[in-house]
Amino acid sequence: MAVSDHVDFPTFMEGVKKRNPHQPEFVQAVQEVAEDIFDFIEDKEDYHSEQILRRIAEPDRVVSFRVCWEDDNGNVRVQRGYRVQNNNAIGPYKGGIRFHPSVNESVLKFLAFEQTFKNALTGLPMGGGKGGSNFNPKGKSVREIMRFCQSFMTELYRHIGADIDVPAGDIGVGGREIGFMFGQYKRITNEFTGVLTGKGMEYGGSMIRPEATGYGAVYFLANMLATKGMDLTGKTAIISGSGNVATHAAEKIVQLGGKVLTLSDSGGFVHDPDGIDLEKIQWVKEHKTHRRGRISEYADAFPRATFHEGKTPWGVPCDVALPCATQNELLGADARTLVANGCIAVSEGANMPTDLDGVHVFKAAKTLYAPGKASNAGGVAVSGLEMSQNSARRSWKEEELQQMLKDIMSGIHARCAEYGTQDGGHIDYVKGANIAGFKKVADAMLAFGVV
Ligand code: NDP
Ligand code: 2IT
């Protein structure tokens, strides 16, 4: 690793670890970026003297608050809520809200850090943020979820705004939760503004926002395959997760002629050798969203499929893989298995699903490997378009938005290629995404001086 005039890479990482004790996910996300950025900034004195990387890796602020609510049995429940505002150098803070028992400060700091580079890559004017709570929506009634969302927003509202910070959905937060939170924001402030994205069509939402992350991850995959003269026709795909991102990624794979073999949830994965076609994907969507079912029940509904309890799908031979569930769900050993099985390309729908060991395996094997900050940016990009539509008080047609999403994903691919193309023509998408995202934010920060 190159040595800078100021600190070398190991010393920088030691500092990050020391300042962020017990925050392994955050340290991991910073390391993945710093590995590429240290080489890039070696001969760029401004970035050193202005301590740009160190400043991006220090959130502007972390807000933590108590969220009390009453369950259906009249018990008082106490959760912790957060909003991490990482960086607003190029636009208002922007990023999702996650409700999951695993949420803590480390997870949200890593997500807000990643979001900063991702949002810069989209080419739209959005800074990076993320929020959420350790609230577990599983097993809760709709009224309980509503009361929780209202209580959460009763504190969050003072930290956000259409030109300040614009949250959206993530794990455990979909259109229904956004509706409850928007309703409470509007009630408290008496303002109808585009303060959240992922809204319903009746009150300022954008067409194709629900589909955008999964579809975008497949468009990015198609862009990567095209560099090798290939497309998705006849390709086998394994996908993890069975939520918003996974089901829409599956849908687009099938529409482009591929065959989806797996989906999963935290209980295990299903393998359907016949392929998970559009009808079966629709069944999964309804089963998971409306019936709040488990993916294991897919194997009862479609008996040629098998359920593999407690397992991830990475051992199933495939041409392409899309991790679309959660962070660190694809480890070094899984990456080695995928490479050994001849997997050509990996497009991350989730945020940081591959651990550092896995990232190094894909880089060394020259796999077509897209990090989430590039390949899953379609969701936040359409959120950015929703913000524009809200500001202009208009809405674009579906076909226009579909084309804009495709163009934005091709633009991100081109930005990655610009900074990630190596001798021999192979594109290191991790390096390309890190440098392109960093450069835009860094140059804006240089313009502002020391703030
Ligand atoms: P959903 O809540 O719709 O679905 C999450 C899926 O991942 C479920 O199948 C869930 O299974 C599974 N999952 C969650 N946590 C775990 C875990 N700890 N171990 C195994 N499986 C898990 O979320 P999304 O589809 O929206 O989000 C999925 C990923 O995509 C996340 O990493 C998110 O940050 C990322 N992302 C989402 C965007 C969006 O627009 N929604 C945009 C960009 C990235 P179970 O039901 O068992 O919990
Ligand atoms: O990780 C992400 O990019 C999201 N959860 C979507 C964020 C957004 O503001 O649409």
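For the reader, a short list of remarks on this structure follows.
- Of all residues in the stretch 59-80, those that are exposed (fewer than 15 other Cβ atoms within 10 Å of the Cβ) and farther than 21 Å from Met153 by Cα total 1.
- Among the helices (runs of 4 or more DSSP H) confined to the stretch 1-105, the ones with at least 3 residues that are farther than 23 Å from Ala444 by Cβ are located at 9-19, 24-40.
- Selection of first residues in the stretch 106-118 that are within 18 Å of Gly432 (Cβ to Cβ) and of second residues that are assigned to a helix (DSSP H, G or I) and within 11 Å of ligand 2 (Cβ to nearest atom), restricted to Cβ pairs under 6 Å at least 6 apart or on distinct chains, gives the following pairs, ordered by first then second residue: Glu114/Lys373; Phe117/Lys373; Lys118/Lys373.
- Qualifying residue in the stretch 66-73 (condition: modelled with pLDDT of 95 or more, under 24 Å from Tyr93 (Cβ atoms) and touching a strand residue (DSSP E or B) at 6+ places or on another chain (Cβ under 8 Å)): yes
- Selection from the stretch 96-126 of residues that are touching an Asp or Glu at 6+ places or on another chain (Cβ under 8 Å) and not hydrophobic (A, V, I, L, M, F, W, C): Gly96, Arg98, Ser106, Lys109
- For the criterion of being buried (at least 24 other Cβ atoms within 10 Å of the Cβ), on the phi > 0 side of the Ramachandran plot, in a strand (DSSP E or B) and not hydroxyl-bearing (Ser, Thr, Tyr), Gly128 fails.
- Any hit, the stretch 29-51, residues being in contact with a Leu (Cβ under 7 Å, 6 or more places away or on another chain), among the charged types (D, E, K, R) and over 22 Å from Leu111 (Cα atoms): yes
- Whichever residue in the stretch 140-162 is farther than 23 Å from Val107 by Cβ and under 22 Å from the mean Cα position of the chain (by Cα) and, among such residues, is surrounded by the fewest Cβ atoms within 10 Å (Cβ to Cβ): Ala162
Quick grid of which residues meet (1) within 25 Å of the chain's Cα centre (by Cα); (2) not acidic (Asp, Glu):
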{"position": "Asn20", "(1), (2)": "yes, yes"}
{"position": "Glu25", "(1), (2)": "yes, no"}
{"position": "Ala29", "(1), (2)": "yes, yes"}
{"position": "Asp39", "(1), (2)": "no, no"}
{"position": "Glu50", "(1), (2)": "no, no"}
{"position": "Arg54", "(1), (2)": "yes, yes"}
{"position": "Val63", "(1), (2)": "yes, yes"}
{"position": "Glu70", "(1), (2)": "no, no"}
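- Cβ pairs under 8 Å, 6+ apart, first in the stretch 314-342 and within 24 Å of Thr233 (Cα to Cα) and touching a residue at least 60 places away in the same chain (Cβ under 8 Å), second aromatic (Phe, Trp, Tyr) and part of a loop (DSSP other than H, G, I, E, B): none
- In the stretch 230-313, counting only helices (runs of 4 or more DSSP H) that sit wholly within it, the ones holding 3 or more residues that are more than 13 Å from ligand 1 (Cβ to nearest atom), among the charged types (D, E, K, R) and free of Cβ contacts under 8 Å to residues at least 40 places away in the same chain span 278-289.
- Pick from the stretch 413-443, criterion touching a strand residue (DSSP E or B) at 6+ places or on another chain (Cβ under 9 Å) and more than 14 Å from Thr227 (Cβ to Cβ), ranking: surrounded by the most Cβ atoms within 10 Å (Cβ to Cβ): Ala433
- 1 or more residues more than 13 Å from ligand 2 (Cβ to nearest atom) and hydroxyl-bearing (Ser, Thr, Tyr): qualifying helices (runs of 4 or more DSSP H) within the stretch 352-414: 378-392
- Tally of residues being of a type outside the set (D, E, K, R) and either part of a loop (DSSP other than H, G, I, E, B) or touching a Leu at 6+ places or on another chain (Cβ under 9 Å) (or both) across the stretch 133-152: 6
- For the stretch 74-94, filtered to residues that are in contact (Cβ under 8 Å) with a residue 40 or more places away in the chain and among the small types (Gly, Ala, Ser), the residue that is nearest to Asn136 (Cα to Cα) is Gly81.
- Residue in the stretch 241-254 that is at pLDDT below 95, touching a strand residue (DSSP E or B) at 6+ places or on another chain (Cβ under 9 Å) and away from ligand 2 (no atom under 16 Å from the Cβ) present: no
The values are calculated or read from the model by the stated rules, or taken from the named source; none is laboratory data. Treat the numbers as computed from the prediction; the structure is a model and nothing was measured. Positions of Cβ are backbone-derived with ideal geometry, glycine not excepted, and every protein chain shown enters the neighbour counts.
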